[in-house]
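> Have a look at this one.
The values are calculated or read from the model by the stated rules, or taken from the named source; none is laboratory data. Model, not experiment: these values are computed from the prediction. Cβ: placed from backbone, ideal geometry, glycine included. Neighbour counts: every protein chain shown. Heavy atoms of the whole protein, side chains included, go into the accessibility calculation; ligands, DNA and RNA do not. Shrake-Rupley method; radii C 1.70, N 1.55, O 1.52, S 1.80 Å.
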Amino acid sequence: MKTVLMVAEKPSLAASLANILSNGKATSRKGFNGACSVHEWVGTFRDSSAKFKFTSVCGHISGLDFVGKFNSWDKCDPIDLFSCPTEKKDATPKLKMPQFLASEAKGCDYLVLWLDCDKEGENICFEVMDAVSSCIRNVRSTSVTFRAKFSAITEKDIKNAMATLQFPNENESRSVDARQELDLRIGCAFTRFQTKFFQGRYGDLDSSLISFGPCQTPTLGFCVQRHDEIQQFKPESFWYVQVTVDPEQKLEWQRVRIFEKEVAMIFYNMVKEQKEAIVESVTSKDNFKSRPLALNTVELMRSASSGLGIGPHVAMQIAEKLYTQGYISYPRTETTTYPTNFDLRGVLKLFERSNEYGDEAKNVMNDFVQPKKGTDCGDHPPITPMKMANRSDFDGDTWRVYDYIVRHFIGTLSRDLKYKSTTAKFIIDGEIFTSTSNVLIDAGYTKVMTWQAFGKNELSNPYNKGDRVLIKDVKLIESQTGPPSYLTESDLISLMEKHGIGTDASIPVHINNITQRNYVSVEAGRRLKPTTLGIVLVHGYQKIDPELVLPTMRSALEKQLNLIAHGTADFRAVLKHAIEIFRLKFQYFVTNITNMDSLFEVSFSSLADSGKSHSRCGKCRRYMKYIQQKPARLHCSHCDETYSLPVGGIARVYRELKCPLDDFELLAWSSGNKGRSFPFCPYCYNNPPFPDMTRASGCNNCTHPTCQHSLTNLGVSSCIECDKGVLVLDCTSSPKNWKLGCNSCDCIINIFDDALKVTVDEDTCECGSQLVTVAYKQEKTPFADGDDKKTGCIFCFNEFMPLIEKHKAVENRRLNSSRGGRSSRGRGKGRPNRGRPKPPKDKMAQLAAYFV
DNA sequence: GCAAGGTC
């Protein structure tokens, strides 16, 4: 019997598709990666009986990244990112997706791909084929691998897809490869360049990353565009005639308003003369407010933001949680129409006993209205509740999102809101005024979607045709036009959707990005107000190359990519062309960055003006400025150089000591009272002097052979907690505090309280540790024999034991080494002892290495 | 420390 492997895009879909195709007979087991399940049954494939295995991936298997040194910000020029090699890497290594698929594919004869029917899905088809290519023979052959094309998750559609299997479309997949490569190269090149450029010049930028991206930047552009409209807005005065009749009722003027005072005055003077208004006509009509379409992702995000005050990012996190707990259906979908066979009444029935919706659910059940027809995008059914919940089952916001989804669902099956509008038309000396009353006839869906309730239920108009109504008062009112408001998050989502920026899944990510990077702030009513940084960035792009911030940039790119997808253009040619265009744009941007910089200059303070004088530069001997704002930096305004500093903590001047290599003053970094600390040279920290010293290293990682602060001279033993680190004597807070700190992990051992001096000897203990000499003031010596100075091993010398801070790891170590005492000098090379620390690297070998 | 796109 042949075996057919079938793969969906996510675990939930594999389960429901398997259930449909097996007529509910599939058995399920968890895959070895813990995330995916495998559903198995026996059925018929190509007229023979066959074993089916249905599993899934979790989105993309792999993602694109740069190779090796091109991932380092310091080892390459951003322009290189347009031409450097790239490689595919596991998207989520812990899922072990390729291994999982390969293991399930063993022994399979056919592959049927049930990935989502869009370009990303087509791309994942090829990722799946790659993953199983060593396990399924001829996986690229059209007699082995098939593509199921479905447009709804319904039995009819799915079984039809199974009966009319097609082949994966490589062109569509390649267009996604191209998009990935372009996004990566463009985004990273611009981001690295502008981040380094502006961080090297300003001290008070409120973001530690100045990112650029083909989606996030136009998204920011929308917010700044509205800001500009507000700034440029000039209020205009206008006038209108306000008539009040008796009984008290203000009429609306048909001319609404007039922008010339003289003209308005003429009308005012005319109307003012009259005592009566004549009712010329009274007309009525029924109006409707339509029940909502079935709920999709974008609408959920918009309503959460505008109605519940919950941002799209958080709203989607909540929706996903509700989904995985089985309370709602899959929350990422564009579709706004229920599948034809969807059991709407079944869902409604879930809520008949609910305290919250019971009455509404029963009413709607008895007065069931067919939902409005929306769009079927062929992805997933609209978002609906799946299970009844009570208020007490969730925290506040989760409840509010769930409550919204339920009410929206019931709303789609309710009647439209209906009201009667009656308009009376008045004539006053030829001028027309009106009065309209709106009377609710049927609250319809707003009974359950109460926030949309009819607000202006008024008394019906009392007027009849031909009535003469007494005019009580006539006024000429002056007013001014007002500026627009900042974009609401909900407006922004609509704009992004309209311009094709991001997808339903990525829209909240982009919005989150521009807030996290401090380009916009979320104000009252979830309105997005750009920050100075956001404004300056967008205006800067507009000065240099407006296309960089235009929403059309993404769609133009998509157009190019579609040529690949449709097979009308060659993948290589399109990609090469697009990369070249953006490479030139990037070059132009770099050479003209001063245009953007002139905007930064006005808004931010230069490094030279920020921070405090701190320590001396090794090149010019002048004091450098210490900028403590994130990211912490030292700036030498004379040399115009910026040196980054360790993240967090503080870097104080270290006794005016100097690095023997470059003459820079040493700093002592400390992450706090009981945290890590080490000395470092700001120059070496940014430009490691030795090949075995990585960037961002302190002196405790420096292998300088003779410097008194180096690892070579202060290293005591290999770390007792981690594999790769060395415990190094840390004198930065001596003589108050002496300690050993690991140069790799967080391990710290406090030693020799109140000691005058601690030094690391040349000799080693037989356990492999360097011996240490400690000296105390005579009156403070802790030793029983009254000696004020002793040499021994921190770990083995009994007299040192009480002077080493109790530490679990130290305790363990003592058990392994009961011997105490002095050096075992002359006893030959220390035997390798299991469970005992390895000695620090051999000093002579290191010395030799430098002089080669 | 970068992008955007899937999804857990």
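> With axes computed from alpha carbons, what is the tilt in degrees of helix A:261-272 against the longest principal axis of chain A, rounded to the nearest 10 within 0 to 90?
Once rounded, one gets 40 degrees.
> Exposed loop chymotrypsin sites (Phe, Trp or Tyr not before Pro) only (DSSP loop, at most 15 other Cβ atoms within 10 Å): please give the longest stretch of chain A free of them, not including the sites.
Numbers: sites that count: A:Phe32, A:Trp73, A:Phe233, A:Phe259, A:Phe368, A:Phe783.
Within chain A, the longest run free of exposed chymotrypsin sites (Phe, Trp or Tyr not before Pro) spans A:369-782.
> Semi-axes, largest first, in whole Å: what does sqrt of 5 times each Cα gyration tensor eigenvalue give for the stretch A:509-612?
Ellipsoid half-lengths, sorted descending, are 33, 20, 10 Å.
> Calculate the radius of gyration of the Cα atoms of the stretch A:395-501 to one decimal place, then report Dmax, the largest Cα-Cα distance, as a whole number, both in Å.
21.3, 62
> Still on this structure: Viscosity 1.567 mPa s, temperature 4 °C: what is the translational diffusion coefficient of chain A from Stokes-Einstein with a Kirkwood Rh over Cα pairs, rounded to a whole number of µm²/s?
Once the numbers are plugged in, D ends up at 38 µm²/s.
> In whole Hz, what ³J(HN,Hα) sequence does the stretch A:567-578 give by Karplus (6.51, -1.76, 1.60; θ = phi - 60°), x for Gly and Pro?
x, 8, 9, 7, 3, 4, 5, 5, 4, 4, 4, 5
> Along the stretch A:615-630, what does the Karplus equation 6.51 cos²θ - 1.76 cosθ + 1.60 (θ = phi - 60°) give for ³J(HN,Hα), rounded to whole Hz, x for Gly and Pro?
Each residue of the stretch A:615-630 in turn: 9, 8, 6, x, 8, 10, 6, 8, 6, 9, 8, 9, 9, 7, 4, 4 Hz.
> A follow-up question, please. Restricting attention to the stretch A:1-110, which GluC sites (Glu not before Pro) occupy a DSSP loop and are surrounded by at most 13 other Cβ atoms within 10 Å?
Nothing satisfies the criteria.
> Okay, moving on. Please work out the Cα center distance from the stretch A:306-350 to the stretch A:1-75, rounded to the nearest Å.
24
> State, as an integer percentage, the relative contact order of the stretch A:297-414 based on alpha-carbon contacts under 8 Å between residues 6 or more apart.
34 percent.
> With a cap of 13 neighbouring Cβ atoms within 10 Å, and only residues DSSP puts in a loop, list the trypsin sites (Lys or Arg not before Pro) found in the stretch A:11-40.
Loop-located and lightly packed - A:Lys25.
> With +1 on the Cβ of every Lys and Arg and -1 on the Cβ of every Asp and Glu, and nothing else charged, how large is the dipole of the stretch A:267-413 about its Cα centre, in debye rounded to the nearest 20?
On the way: 18 positive and 19 negative charges, 17 e Å.
Computed about the Cα centre, the dipole is about 80 debye.
> For the stretch A:2-168, give the percent of accessible area contributed by carbon and sulfur heavy atoms, probe 1.4 Å, rounded to a whole number.
Heavy-atom surface of the stretch A:2-168 belonging to carbon and sulfur, 1.4 Å probe: 50 percent.
> Provide Rg over Rh for the stretch A:297-414; use the alpha carbon set for both Rg and the Kirkwood Rh (inverse mean inverse pair distance).
Answer for the stretch A:297-414: 0.94.
> Return the subset of A:Lys757/A:Lys780; A:Lys285/A:Lys373; A:Lys425/A:Lys465 for which the Cα-Cα distance in this structure is over 18 Å, preserving the input order.
Working: A:Lys757/A:Lys780 13 Å; A:Lys285/A:Lys373 25 Å; A:Lys425/A:Lys465 9 Å.
Checking Cα-Cα distances, A:Lys285/A:Lys373 exceed 18 Å.
> Something else: For A:Cys108, what charge total do you get from the other residues with a beta carbon under 11 Å from its beta carbon, if Lys and Arg give +1 and Asp and Glu give -1?
Value of the local net charge: +3.
> Can you grab the distance from the C-alpha centre of the stretch A:524-556 to the C-alpha centre of the stretch A:114-129, Å, no decimals?
Between the Cα centres of the stretch A:524-556 and the stretch A:114-129 lies a distance of 33 Å.
> Taking just the alpha carbons, could you work out the radius of gyration and Dmax for the stretch A:223-265, both in angstroms?
Considering the stretch A:223-265 through its Cα atoms, Rg and Dmax are 16.2, 49 Å.
> Moving to a separate point now. Just to check I understand the Karplus step: with θ = phi - 60° and J = 6.51 cos²θ - 1.76 cosθ + 1.60, what whole-Hz values come out for the stretch A:72-85, glycine and proline as x?
Coupling constants for the stretch A:72-85: 8, 6, 9, 9, 8, 7, x, 4, 5, 5, 7, 10, 5, x Hz.
> Quick one: which residues, 5 or more positions from A:Phe167 or on another chain, have an amide H under 5 Å from its amide H? H modelled 1.01 Å from N in the peptide plane, none for Pro or chain starts.
A:Arg147
> Another question, if that's okay. For A:Met6, which sequence-distant residues (separation of 5 or more, or a different chain) have an amide H within less than 5 Å of its own amide H, given hydrogens modelled in the peptide plane?
Those lying under 5 Å, H to H, from A:Met6 are A:Lys53, A:Phe54, A:Thr55, A:Val112.
> Continuing with this model, one more query. Quick one: angle between helix A:532-544 and the longest Cα principal axis of chain A, in degrees between 0 and 90, rounded to 10, please.
Once rounded, the angle reads 80 degrees.
> Taking amide H positions as placed 1.01 Å from N in the peptide plane, with prolines and chain starts having none, which residues 5 or more places from A:Ile328, or on another chain, fall under 5 Å of its amide H?
A:Tyr323, A:Met386
> What accessible area per residue comes out for the stretch A:541-664, rounded to a whole number of Å², with a 1.4 Å probe?
53
> For a quick check of your reading of the filter: which trypsin sites (Lys or Arg not before Pro) in the stretch A:251-284 sit in a DSSP loop and have no more than 16 other Cβ atoms within 10 Å?
Here the sparse-neighbourhood loop sites are A:Arg255, A:Arg257, A:Lys275.
> While we're on this one: Compute the convex hull volume of the Cα atoms of the stretch A:2-168, divide it by the residue count, and report the result per residue in Å³ as a whole number.
Cα convex hull per residue, to the nearest whole number: 122 Å³.
> Would you mind calculating the relative contact order of chain A from Cα pairs under 8 angstrom and at least 6 residues apart, reporting the percent as a whole number? Intermediate values should be presented prior to the final figure.
Working: 1646 pairs, mean separation 80.8, N = 852.
Relative contact order here is 9 percent.
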